[in-house]
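Chemist: One structure follows; several queries about it will come next.
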Amino acid sequence: MDPKIFDVEGADVAWCPGCGDFPILKTLKTVLAELEIDQKNLVLASGIGQAGKMPHYLKSNTYNSLHGRAMSPATAIKSVNRKLTVIITSGDGDMYGEGGNHFMHTIRRNPDITSIVMNNMVYGLTKGQASPTTQREFKTPLQVEGVALEPFNPLAIAIGLDASFVARTFAGDMNHMKEIFKKAIKHKGYSLVDVFQPCVTYNKINTYKWFRENIYYLDESYDPHDRTEAFKKAIEFHKFPLGVLYINPDKTTYEDILTVYREDESPLYEREVDMQKLKILIDSKRTI
């Protein structure tokens, strides 16, 4: 399949030249093409922010949500039609800040969806304020004396909650990013992919060069099924590990526990409504 099938003709891509979102967009199109994902069965959900614009530049079904709220509609979309491939594109502020509570409870539910979080350690849409992942002592137009808070650690949180797939990659390494995206999308269950993505306008510290000097790659000897070792990797801060940190292949997905699918696996929209049963339910005044 040609990745150009996902191009949006005439799209005005409103990202700064050099933004890490460009290689992420290109890589995602390539991955969807190589996995032969049918556009009709693809849904991209997003919140607010530069990363939230991703669905505007990729031809598919889309759901643009409120700030930090993409996880719940994405879960619902997958629940009513399990044939769909559902991907959330979000930023560190949108996912881990405004959407932090949704992030944690979506991990607990384990829907079969993928979250691609573009982590540039700053708010890139609203002029460079500190985000949840901003490093300490980083100075911004708002935090003029430097950030005093410890940065939010999404991988440690996800592994602590026993997310079924947790990985990290880097926008400056498209080959690595492609393989991680493929594994995440093919995984059955909730997949978190945290992508180090430099903001060339508002973050002059965590640049492409800085990331290259402060990351390393997990090798083939690493076992992502060992949760304890995965957590140890997640809390490393002198150098950040890239790769699949943790996999729990045995965790039941949210869709598989829904009673509505116990006897019928067809999507809800394809089913006929039994009006008699519906009337009985309404007349009974039962709360659902």
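Only the coordinates and a few stated rules stand behind these numbers; no lab work does. If you're wondering where the values come from, they're calculated on a predicted model, not measured in any experiment. Every residue, glycine as well, gets a Cβ built from its backbone with ideal geometry; the counts of neighbours run over all protein chains shown.
Chemist: Just for region 127-172: of the residues that are without any contact (Cβ under 8 Å) to a residue 12 or more places away in the chain and acidic (Asp, Glu), which one is surrounded by the fewest Cβ atoms within 10 Å (Cβ to Cβ)?
Modeler: Across region 127-172, the extreme among qualifying residues is 145.
Chemist: Can you say whether residue 24 is crowded, with 21+ Cβ neighbours inside 10 Å, touching a His at 6+ places or on another chain (Cβ under 6 Å) and more than 27 Å from residue 251 (Cα to Cα), as far as the supplied structure shows?
Modeler: For residue 24, the condition - crowded, with 21+ Cβ neighbours inside 10 Å, touching a His at 6+ places or on another chain (Cβ under 6 Å) and more than 27 Å from residue 251 (Cα to Cα) - is not met.
Chemist: Conditions first: (1) under 28 Å from residue 77 (Cβ atoms); (2) surrounded by 15 or more Cβ atoms within 10 Å (Cβ to Cβ). Residue 252 passes all but one, so which condition is the exception?
Modeler: Every listed condition holds for residue 252 apart from (2).
Chemist: Then there is this: Being hydrophobic (A, V, I, L, M, F, W, C) and touching a helix residue (DSSP H, G or I) at 6+ places or on another chain (Cβ under 7 Å) is the filter; apply it to region 53-82 and report the residue that is surrounded by the fewest Cβ atoms within 10 Å (Cβ to Cβ).
Modeler: Residue satisfying both the conditions and the ranking: 80.
Chemist: A follow-up question, please. Got a sec? Which of 107, 116 is in a strand (DSSP E or B), in contact (Cβ under 8 Å) with a residue 24 or more places away in the chain and not small (Gly, Ala, Ser)?
Modeler: Result of the check over 107, 116: 116.
Chemist: Inside region 141-230, counting only strands (runs of 3 or more DSSP E) that do not spill past its ends, which hold 1 or more residues that are out of contact with any helix residue (DSSP H, G or I) (no Cβ under 9 Å at 6 or more places or on another chain), of a type in the set (A, V, I, L, M, F, W, C) and more than 30 Å from residue 36 (Cβ to Cβ)?
Modeler: In region 141-230, the matching strands (runs of 3 or more DSSP E) lie at 215-217.
Chemist: Tally time: how many residues in region 269-283 are among the hydrophobic types (A, V, I, L, M, F, W, C) and loosely packed, with under 10 Cβ neighbours inside 10 Å?
Modeler: Within region 269-283, residues that are among the hydrophobic types (A, V, I, L, M, F, W, C) and loosely packed, with under 10 Cβ neighbours inside 10 Å number 3.
Chemist: Same structure, new question: Kindly indicate the residue of region 24-73 that is hydroxyl-bearing (Ser, Thr, Tyr) and not in a helix (DSSP H, G or I) and also farthest from the chain's Cα centre (by Cα) among those meeting that condition.
Modeler: Filtering first and then ranking leaves 60.
Chemist: I'd like the full set of residues that are surrounded by fewer than 19 Cβ atoms within 10 Å (Cβ to Cβ) and under 18 Å from residue 188 (Cβ atoms), limited to region 83-119.
Modeler: Once the filter is applied, which keeps residues that are surrounded by fewer than 19 Cβ atoms within 10 Å (Cβ to Cβ) and under 18 Å from residue 188 (Cβ atoms), region 83-119 yields 83, 108, 109.
Chemist: Among the residues of region 60-82, are any under 19 Å from residue 24 (Cα atoms), of a type in the set (Gly, Ala, Ser) and out of contact with any strand residue (DSSP E or B) (no Cβ under 7 Å at 6 or more places or on another chain)?
Modeler: No, there is no match, as no residue in region 60-82 is under 19 Å from residue 24 (Cα atoms), of a type in the set (Gly, Ala, Ser) and out of contact with any strand residue (DSSP E or B) (no Cβ under 7 Å at 6 or more places or on another chain).
Chemist: Among the residues of region 239-268, count how many are more than 23 Å from residue 162 (Cα to Cα) and either assigned to a strand (DSSP E or B) or free of Cβ contacts under 8 Å to residues at least 24 places away in the same chain (or both).
Modeler: Going through region 239-268 one residue at a time, the tally reaches 6.
Chemist: Of the numbered conditions (1) closer than 30 Å to residue 108 by Cα; (2) touching an Asp or Glu at 6+ places or on another chain (Cβ under 8 Å), residue 139 satisfies every one except a single condition; which is it?
Modeler: (1)
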